[in-house]
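Below: one structure, written as structure tokens.
The values are calculated or read from the model by the stated rules, or taken from the named source; none is laboratory data. Predicted model only: the values in this text are computed from it and were never measured. Virtual Cβ from ideal backbone geometry, glycine too; neighbours counted across all protein chains shown. Protein only, heavy atoms only, side chains kept; ligands, DNA and RNA dropped before computing areas. Shrake-Rupley method; radii C 1.70, N 1.55, O 1.52, S 1.80 Å.
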Amino acid sequence: ERATKVIGKNTASAVRAGFYQGYTGCIEKIMRLVLKQTRRKFKIVLTGGFAHLFKSSIKGIKTVDKDLTIKGILKVAIN
């Protein structure tokens, strides 16, 4: 379940909201800093098992690949 509200109604929803909003803010800030530092646009790929939870909340995300890291490790291991 995605926590779209900032303030929870109980401990569980407050913790869920804090994690969700915190990670969303972290991802957005890193994206802004990379853009500012490089002055280039990149294709952003969210990775990891919970990446799909953030796709609709972060502008500019078109691709989610929860298995990207393991795919890379397998590619290196095979070569």
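For the stretch 40-79, the candidate set comprises residues that are open to solvent by less than 90 Å² (accessible area, probe 1.4 Å) and in contact with a His (Cβ under 8 Å, 6 or more places away or on another chain); within that set, the residue that is nearest to I30 (Cα to Cα) is L46. Within the stretch 60-79, residues that are more than 18 Å from V34 (Cβ to Cβ) sit with their Cβ atoms under 9 Å from residues that are open to solvent by less than 100 Å² (accessible area, probe 1.4 Å) and β-branched (V, I, T), at 6+ positions apart or across chains, in these pairs: V64/V45; V64/T47; D65/V45; D65/T47; K66/T47; D67/T47; T69/T47. The set of residues in the stretch 27-39 that are exposed (fewer than 11 other Cβ atoms within 10 Å of the Cβ) and either hydrophobic (A, V, I, L, M, F, W, C) or in a loop (DSSP other than H, G, I, E, B) (or both) comprises L33, R39.
The single condition among (1) assigned to a loop (DSSP other than H, G, I, E, B); (2) touching a helix residue (DSSP H, G or I) at 6+ places or on another chain (Cβ under 6 Å) that T24 does not satisfy is (1).
I'd like to check something: does the stretch 41-50 contain any residue that is touching a strand residue (DSSP E or B) at 6+ places or on another chain (Cβ under 9 Å) and either hydroxyl-bearing (S, T, Y) or in contact (Cβ under 8 Å) with a residue 24 or more places away in the chain (or both)? Within the stretch 41-50, one or more residues are touching a strand residue (DSSP E or B) at 6+ places or on another chain (Cβ under 9 Å) and either hydroxyl-bearing (S, T, Y) or in contact (Cβ under 8 Å) with a residue 24 or more places away in the chain (or both).
Does V15 satisfy the condition of being under 16 Å from G60 (Cβ atoms), open to solvent by less than 100 Å² (accessible area, probe 1.4 Å) and free of Cβ contacts under 8 Å to residues at least 40 places away in the same chain? Reasoning before the result, please.
Values: under 16 Å from G60 (Cβ atoms): no; open to solvent by less than 100 Å² (accessible area, probe 1.4 Å): yes; free of Cβ contacts under 8 Å to residues at least 40 places away in the same chain: yes.
For V15, the condition - under 16 Å from G60 (Cβ atoms), open to solvent by less than 100 Å² (accessible area, probe 1.4 Å) and free of Cβ contacts under 8 Å to residues at least 40 places away in the same chain - is not met.
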